[in-house]
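Note sheet for the following structure.
The values are calculated or read from the model by the stated rules, or taken from the named source; none is laboratory data. Quick caveat: nothing in here was measured; it's all calculated off a predicted structure. Glycine gets a Cβ as well: all are built from the backbone with ideal geometry, and neighbour counts include every protein chain shown. In case anyone asks, the SASA skips ligands and DNA or RNA and just uses the protein heavy atoms, side chains included. Shrake-Rupley method; radii C 1.70, N 1.55, O 1.52, S 1.80 Å.
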Amino acid sequence: VQLQASGGGLVQTGGSLGLSCVASGPTRSTFAMNWFRQVPGKEREFVAGISWSGLSIDYADSVKGRFTISRENGQNTASLQMNSLQPDDTAVYFCAASPDRLYSTTRADDYDYWGQGTQVTVSS
């Protein structure tokens with residue numbers, strides 16, 4: 001399985017950005033898709049996750065009400081719409097998945113496959 005992330009960039013405080021992730025490879029069904037982020041010197045942290053069906057969604061407390069994760073029905077894709085961005089949201093964002101995980105977990109160690117990472121920078 002390969003994960004290809006896109007999006008990100010530079011935005012001012014209060015602005016919006018969108019990220020997308022597409023999974024490809026020999027998969028037979030849908031699985032949970034997730035976003036994590038990491039800043040230098042810190043552990044990778046969970047941001048948002050959406051279950052295989054799209055019916056179960058989880059967010060980190062720090063992004064609730066500002067970020068929205070979604071997926072296309074029946075597809076292993078994930079989009080992350082980020083609104084009201086703050087300088088603390090500056091990080092490299094990664095999508096993550098494992099074909100055997102139908103529901104999201106917040107532990108980075110639970111995922112076998114990762115996208116290449118995309119930089120999000122929020123200027124103050």
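Descriptive notes on the structure:
- The residues of the stretch 1-103 expose, per residue, 52 Å² of accessible area to a 1.4 Å probe.
- For the chain, the spread of Cα coordinates along the three principal axes comes to 44, 28, 23 Å, biggest extent given first.
- Carbon/sulfur fraction of accessible area - the chain, other protein chains in place, 1.4 Å, %: 46
- Candidates L80, L55, L102, ranked by Gaussian network fluctuation over the chain, Cα under 10 Å, top entry: L55
- FRET efficiency, 1/(1 + (r/R0)^6) with R0 22 Å, evaluated for E43 and D112 via beta carbons: 0.80
- About the Cα centre, charge dipole magnitude for the stretch 43-124 (Lys/Arg +1, Asp/Glu -1 at Cβ), debye: 240
- Efficiency of FRET between Q12 and I57 - r from beta-carbon atoms, R0 25 angstrom, step 0.05: 0.35
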